[in-house]
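The values are calculated or read from the model by the stated rules, or taken from the named source; none is laboratory data. Source: prediction; values computed, not measured. So basically every Cβ, Gly included, is an ideal-geometry build from the backbone, and we count neighbours across all protein chains shown. Surface accessibility is based on the protein's heavy atoms, side chains included, excluding ligands, DNA and RNA. Shrake-Rupley method; radii C 1.70, N 1.55, O 1.52, S 1.80 Å.
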Amino acid sequence: MADWITAEAARERLGVRPQTLYAYVSRGRLRVRPDPEDPRRSLYRAADVAALNERKARGRKAADVAAGAIAWGEPVLDSAITTVVGGRLYYRGRDAVALSGTETLEGVARLLRGGDGAALKRTERPVPPQAADMRARAFAALAARAGQDPPARGRHPLALAVEAATLLDVLADAVAGQVGGGAIHDRLASAWGHHAAGRASDLIRRALVLLADHELNASTFAARVAASTGASLAASALAGLAALSGPRHGGATAAVRGLLAEAAEIGPAAAIAARLAEDRVIPGFGHQLYPEGDPRAEALIDRLSLSSDLQDLRTAVLSHTGMAANVDFALVALAETLELPRDAPFALFAVARCAGWIAHAMEQGQTGQLIRPRARYTGPEPG
């Protein structure tokens, strides 16, 4: 409780009126929770108060604001697609965890695009690339489309919506390694040795919905930058996939497996202690947007029977650091529970997040604005 303070203390530290305090909460800059000793009162996150004070002290010069916006800082553009408020993820105002209980990725993709829910069918069924590796097939499929699809700028919204539905299916086929019909989660489940409409298919469906978008993460920002140039939806999605492939984004599940291997060799407590002593990250745990725990991870883990290795690691990390499992850990747990291919977590991430990339690309295109920030030059004196 030391990190939670009363409204009066928060206002005093910030030097603001009550309505300003509530405005900070509504904008997602200040987290709030009920006081466990008096549910009629609210407590405010002291760390958020300190961060707000730091921003105020830094001033509002454009250069300072821009520098602080690059990493988990001030919002840099408007979007009506996704937000994280109060530790919950919302797609156009609807709770993503609740949606994962009933919706498909295709339905959520329409929601993210701002559609009315009408189903759009793919316009073609190209044969997916024949590479043995799922990741290679995904890149090849999007690259082929990016090389031939027309620019998105100036095209009719319905034509873009049909192209968006087709593109999502093309990527799903590439990951599955075959042209399929039916829902994407059923097709992936079948490709990975499970029956369509079974438990594995339902878990895959939930994961796809929970991963469909996550506000302005690195891959989505990359997709929006590409879209701001007028590039095709496929080119924007390819930019997103390239960013996703990094080990600090969609490739983070490999690091989780590495930690699991360390824990199996020397024990969870020793593995965590060694990483903390060396100031190394604990992959698969903690998230800056979810200080109380990643709701996407909880929604998946609650439906899995974790192996003793996974459960022991989860328990040890929580007891040593206080960090809860995030969605990267949940994806590894899902893959191990269902005995999916090793690269399935990345493949699920890519197929799901493609829905978000496309939605953001279309939204960015509607603004007509080119994303072109300036660099603060630190090199030799010119001339």
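Restricting to Cα pairs below 8 Å that are 6+ residues apart, what does the relative contact order work out to for region 250-340? Please round to a whole percent.
So the answer I get is 38 percent.
Grab the Cα-Cα distance for S308 and V179, subtract it from 0.36 nm times how many residues apart they are, and report the gain in nm with one decimal.
Between S308 and V179, full extension yields an extra 42.7 nm.
From the mean inverse distance of alpha carbon pairs (Kirkwood) and the Cα radius of gyration, derive Rg over Rh for region 284-336. Write down the numbers at each step before the final one.
On the way: Rg = 10.1 Å, Rh = 10.8 Å.
Looking at region 284-336, the ratio lands at 0.93.
Could you give each residue of region 338-354 its phi-based ³J(HN,Hα) in whole Hz, using Karplus coefficients 6.51, -1.76, 1.60 with θ = phi - 60°, and x for Gly or Pro?
8, 6, 7, x, 4, 8, 4, x, 5, 4, 4, 4, 5, 5, 5, 5, 4
For the pair A136 and A197, what calculated FRET efficiency results from E = 1/(1 + (r/R0)^6), where r is the Cβ-Cβ distance and R0 = 35 Å, to the nearest 0.05?
0.75
At q = 0.08, 0.09 Å⁻¹, what base-10 log of I(q)/I(0) does the Debye formula yield for the chain when every alpha carbon is treated as an equal point scatterer in vacuo?
-0.46, -0.58
For D95 and A242, compute 0.36 nm times the residue count separating them, minus their Cα-Cα distance, and round to one decimal in nm.
In short, 50.1 nm is gained.
Rounded to the nearest 500, what is the 222 nm mean residue ellipticity of the chain from helices alone, with -39500 (n - 2.57) per DSSP H run of 4+ residues and division by all residues?
So the helix-based figure for the chain works out to -17000 deg cm²/dmol.
Can you compute 3J(HN,Hα) from phi for each residue in region 158-166, using the Karplus curve 6.51 cos²θ - 1.76 cosθ + 1.60 with θ = phi - 60°, rounded to whole Hz and x for Gly and Pro?
5, 4, 5, 5, 5, 4, 4, 5, 5
Calculate, for region 266-312, the solvent-accessible area per residue in square angstrom, rolling a 1.4 angstrom probe over the heavy atoms of the protein chains.
Details: 2330 Å² over 47 residues.
That works out to 50 Å² for each residue.
Please name whichever of A140, S79, P291 sits farthest to the positive end of the charge dipole of the chain, dipole taken about the Cα centre and charges placed at Cβ: Lys and Arg +1, Asp and Glu -1.
About the Cα centre, the residue reaching furthest to the positive side is S79.
Taking 0.36 nm per residue of sequence separation and subtracting the Cα-Cα distance, how much length would be gained by fully extending the chain between D149 and A375, in nm to one decimal?
Numbers: separation 226, 0.36 × 226 = 81.36 nm, distance 3.16 nm.
So the extension gain works out to 78.2 nm.
What does the highest-first list of 161-172, 84-95 look like by mean Cβ count within 10 Å?
In decreasing order of mean packing, 161-172, 84-95 become 161-172, 84-95.
Select from G182, G251, G240 the residue whose mean-square fluctuation is largest in a Gaussian network model of the chain (Cα-Cα springs shorter than 10 Å).
Evaluated over the chain, the most mobile residue of the options is G182.
Which of the listed residues, A325, T337, G267, is farthest toward the dipole's positive end in region 246-343, when Lys, Arg count +1 and Asp, Glu count -1 at the beta-carbon?
Value computed over the given set: A325.
Using a 1.4 Å probe on the protein heavy atoms, what percent of the accessible area of region 293-383 belongs to carbon and sulfur? All intermediate terms of the calculation are to be shown ahead of the outcome.
Values: 2020 of 4320 Å².
Solvent-exposed carbon and sulfur of region 293-383 make up 47 percent of the total.
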